[in-house]
1. Between LEU42 and GLU117, what length comes free when the chain is fully extended (0.36 nm per residue of separation minus the Cα-Cα distance, one decimal in nm)?
2. Got a sec? What order do TYR21, TYR93, TYR129 fall in by accessible area at 1.4 Å, biggest, i.e. largest, first?
3. Checking the cross-link filter: which aspartates and glutamates have an alpha carbon closer than 17 Å to that of LYS86, excluding same-chain neighbours under 8 positions apart?
4. Net charge near SER3, counting Lys/Arg +1 and Asp/Glu -1 over other residues with Cβ under 15 Å of its Cβ?
5. Considering only C-alpha atoms, what is the centroid distance from the range 1-46 to the range 99-126, in Å?
6. So, how do all the Cα-to-Cα distances of the range 1-53 break down into 5 Å bins, in percent, from 0 on up?
7. What list of ³J(HN,Hα) values in whole Hz, one per residue of the range 25-35 in order, does the Karplus curve 6.51 cos²θ - 1.76 cosθ + 1.60 (θ = phi - 60°) give from phi, with Gly and Pro shown as x?
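The values are calculated or read from the model by the stated rules, or taken from the named source; none is laboratory data. Here the structure is a predicted model, which means the values were calculated and not measured. FYI the Cβ positions are ideal-geometry reconstructions off the backbone, even for glycines, and counts take in every protein chain you see. The accessibility values were calculated without ligands, DNA or RNA, using every heavy atom of the protein model including side chains. Shrake-Rupley method; radii C 1.70, N 1.55, O 1.52, S 1.80 Å.
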Amino acid sequence: WRSVFRQLVARGLLTVDVEGYGSLLFTEESWPVLRGEQRIELRREQKPVPTKRKSRKPSAAAAAVAVDQSSSLWNALRALRQQLAKRQGVPPYVIFHDKTLAQMLELRPQTSAEFGELSGVGERKLARYADAFLAVIREHPAPETGER
């Protein structure tokens with residue numbers, strides 16, 4: 001039906017009433033068609049051919065998580081998240097997603113302002129969790145690779 005309406009609007013036989021919440025209105029040009037005095041032909045909508053899904057490459061965050069899962073900071077962040085989740089009776093991802101933990105691992109924020117710039121950290125989570133997660137990050141010094 002969408003295809004039919006789209007084609008009728010394109011031919012000027014219907015118009016969209018913007019003030020009437022998008023309803024369709026007949027135009028003057030539509031009356032001969034409605035009376036059977038004029039014939040129109042509409043094209044048949046072709047069904048899309050199903051395509052094979054391409055495999056998605058893992059995101060950078062997923063790659064970071066996969067690489068650093070053995071680090072002591074990663075384990076400590078996950079343990080803290082699990083502890084907070086258990087205390088609040090919610091799943092761990094409600095506290096922070098793995099993507100956010102991976103950013104903590106990579107960026108190692110040292111202040112509340114830096115922590116607030118992480119993906120998935122809003123004002124509420126910043127106020128509620130920043131101090132605890134920053135303490136864990138500070139307990140685990142960055143590896144000596146010239147990075148932070």
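1. Gain on extension, LEU42 to GLU117, equals 21.6 nm.
2. TYR21, TYR93, TYR129
3. Once the sequence-local aspartates and glutamates are set aside, what remains near LYS86 is ASP98.
4. That sum, taken over residues with Cβ under 15 Å, equals +4.
5. Cα centroid of the range 1-46 versus Cα centroid of the range 99-126: 54 Å apart.
6. 4, 16, 22, 21, 13, 9, 6, 5, 2, 1
7. Result, rounded to whole Hz: 10, 6, 9, 4, 5, 7, 4, x, 5, 5, 7.
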